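Data block below; observations after.
The values are calculated or read from the model by the stated rules, or taken from the named source; none is laboratory data. Computed from a predicted model, the values in this text were never measured in an experiment. Neighbour counts run over all protein chains shown; Cβ positions are idealised from the backbone, glycine included. Calculation scope for accessible area: heavy atoms of the full protein, side chains included, ligands and nucleic acids excluded. Shrake-Rupley method; radii C 1.70, N 1.55, O 1.52, S 1.80 Å.
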Amino acid sequence: MRTAHFPLIVTTVGIVALYLLTIRTGHVWGDDFVQYLQHAENLAAGEPYAKQLHIVNPSLSIGPPAYPPVFPMMMLPILKVFGLDFAALKLFMGLLCGAAFSSIGLAFSPVLPGKQLVPLLLLLALAPTFWTFKEAIFSDVPFLIFCFLALALIQKMVATPGERGLYLLVVPTALVMYLACGTRSQGLPLIPTLLIADFLNARRIRLAPVLTCGLLILLLFVQNRLFFTEGERLQYLTLDPDIVWSNITHYAGSVSAYWDNGYFHPLRYLCFAVASGLAVLGYLGKLSRGPGPLEVFLPLFVLPLLFWVFQQGIRYLLPVIPLYVYYALEGARSIGSRLQPSAARMFGWSLMAAAFGCFVSMYTTIDLRHIEGPLDSQAQEMLAYAEAHSDPNDVFVFDKPRLLGLLAHRRATIPTRVQDAKEDEEALGFYRSIGAKYVITTSAFASDREHLGPFLSRNTNWAAPVWSNGAFQLW
């Protein structure tokens, strides 16, 4: 039966089918996904949530001791049924992508109804930026689900005039907002988004949105009492102007990667400049007609990233891209409304052709079958050798310490980024203090080539190579 959401349903089903049929083997390097899996395994085994074999290096933080619990809890049934099966987990992530695009569609349906949603969803789903996330076991896709579902409910709450109907939305809105914040702390801007957007719309402070935020804060308090202390994350905020400027340029470059064609960078930046100009035009147009929750949320979400010491590229900006594309489309419509119908259609089709042309060109540079990383045979051989030829109490130095703990069950720390020989003794002092017995190096990591490799070559009396498979060396 046809409904108002029929285009959204059909498009989402097609996207899910495409994503599931194009799942690649392998997984990207990284330690973030490992910590989420470790939390899930701890829950499955009845162990303390934050338990892990990672030894903190005081000179180089790789993140908080524990991540929010919603994503690990979502993976818990998969681990219970299949164990640590990456194929099952990536299939699960592909299905979550479908839920993410559904929630994005619901969030934009009040402002972009019916068939107009289809171009937006296609511009997102067919972009390599999103396609490459379908098999990455990160919290980004689950966060998209709950973030945009929360925005959809916030829009409904803001648009609801009657008090009785408004109170019916308090509990579901608070629960979904909690799921967003309990997936990633980046969901916290949803709180001021609800309060500010409702005040701008109603011209007064209504009790229901305040109760919603109060219930959300209560849920976060309970979560933090059960799992970890969220306050520890405040240490990663900074007012250093150099870091702020670095973040501005870093994230601008990350957004421009949406237009990457893989070959010709000037075209990438030209498309980025045009699309960004259209997005600014579209956003300002929406502001002039009265800002809604989407307009309020965008700056509240982006601003904290400028003061965050960790740069995560497109991962941190993934919720921004749907808004960016939406406002670019709105800007294009604004210009098109001033043109003759035929010229307006040509303008619109030219923009779509430029976007899809960049996508197709970029896909020719991507391995569509496999992702190089820790699941490759040489990496698996290294992990197996490290586990088989060491004692369970031995300590390793490795650039991915949490991964070594999860897949080889060995304690590890990340190596100190030694710049020159003058810093060697400090690093050696730390390694001796934790009883480090083995070092793993690989040319696949830039940090090993730039820091750890030269450090080992200068300290041959401290470490010597004992095994290698060509890609990895054990010292």
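Here is how the numbers come out for the structure above:
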item: Tally of residues being assigned to a helix (DSSP H, G or I) and either under 18 Å from the mean Cα position of the chain (by Cα) or over 21 Å from Ser256 (Cβ atoms) (or both) across the range 120-153; result: 21
item: Odd one out for Ile205, checked against (1) touching a residue at least 12 places away in the same chain (Cβ under 8 Å); (2) in a loop (DSSP other than H, G, I, E, B); result: (1)
item: Pair list, Cβ under 9 Å, 6 or more apart: the range 1-21 residue closer than 17 Å to Leu106 by Cβ and modelled with pLDDT of 80 or more, other residue assigned to a helix (DSSP H, G or I) and open to solvent by 70 Å² or more (accessible area, probe 1.4 Å); result: Val16/Leu95
item: Pairs, first touching a residue at least 40 places away in the same chain (Cβ under 8 Å) and open to solvent by 50 Å² or more (accessible area, probe 1.4 Å) in the range 93-118, second part of a helix (DSSP H, G or I) and hydrophobic (A, V, I, L, M, F, W, C), C-beta under 6 Å, six or more apart; result: Leu106/Ala152
item: Qualifying residue in the range 264-278 (condition: more than 30 Å from Ala202 (Cβ to Cβ), open to solvent by 30 Å² or more (accessible area, probe 1.4 Å), modelled with pLDDT under 90 and β-branched (Val, Ile, Thr)); result: no
item: Filter pass, Leu200 being at pLDDT 95 or above, over 30 Å from Arg268 (Cβ atoms) and open to solvent by 30 Å² or more (accessible area, probe 1.4 Å); result: no
item: Unmet criterion (only one of (1) open to solvent by 30 Å² or more (accessible area, probe 1.4 Å); (2) within 21 Å of the chain's Cα centre (by Cα); (3) over 15 Å from Leu404 (Cβ atoms)) for His39; result: (1)
item: Enumeration of residues in the range 424-462 that are within 19 Å of Ala408 (Cβ to Cβ), surrounded by fewer than 19 Cβ atoms within 10 Å (Cβ to Cβ) and among the aliphatic types (A, V, I, L, M); result: Ile434, Ala444
item: Single match in Ser361, Ser334, Ser342 (criterion: of a type in the set (Gly, Ala, Ser) and either part of a loop (DSSP other than H, G, I, E, B) or without any contact (Cβ under 8 Å) to a residue 40 or more places away in the chain (or both)); result: Ser342
item: Breaking point among (1) among the charged types (D, E, K, R); (2) open to solvent by 60 Å² or more (accessible area, probe 1.4 Å); (3) in contact (Cβ under 8 Å) with a residue 40 or more places away in the chain, for Lys286; result: (2)
item: Single residue of the range 55-75 satisfying the filter (open to solvent by 40 Å² or more (accessible area, probe 1.4 Å) and not in a loop (DSSP other than H, G, I, E, B)) that is nearest to Leu220 (Cα to Cα); result: Met73
item: Residue pairs meeting the criteria (Cβ under 6 Å; at least 6 apart or on separate chains; first under 30 Å from Glu426 (Cα atoms), in the range 38-59; second open to solvent by 50 Å² or more (accessible area, probe 1.4 Å) and assigned to a loop (DSSP other than H, G, I, E, B)); result: Ala50/Pro65
item: Selection count where residues are surrounded by 15 or more Cβ atoms within 10 Å (Cβ to Cβ), touching a Gly at 6+ places or on another chain (Cβ under 9 Å) and part of a loop (DSSP other than H, G, I, E, B), scope the range 379-423; result: 2
item: Any hit, the range 308-318, residues being free of Cβ contacts under 8 Å to residues at least 40 places away in the same chain, under 22 Å from Phe143 (Cα atoms) and open to solvent by 30 Å² or more (accessible area, probe 1.4 Å); result: yes
item: Pairs, first under 22 Å from Phe221 (Cβ atoms) and acidic (Asp, Glu) in the range 163-175, second at pLDDT 90 or above and open to solvent by 70 Å² or more (accessible area, probe 1.4 Å), C-beta under 8 Å, six or more apart; result: none
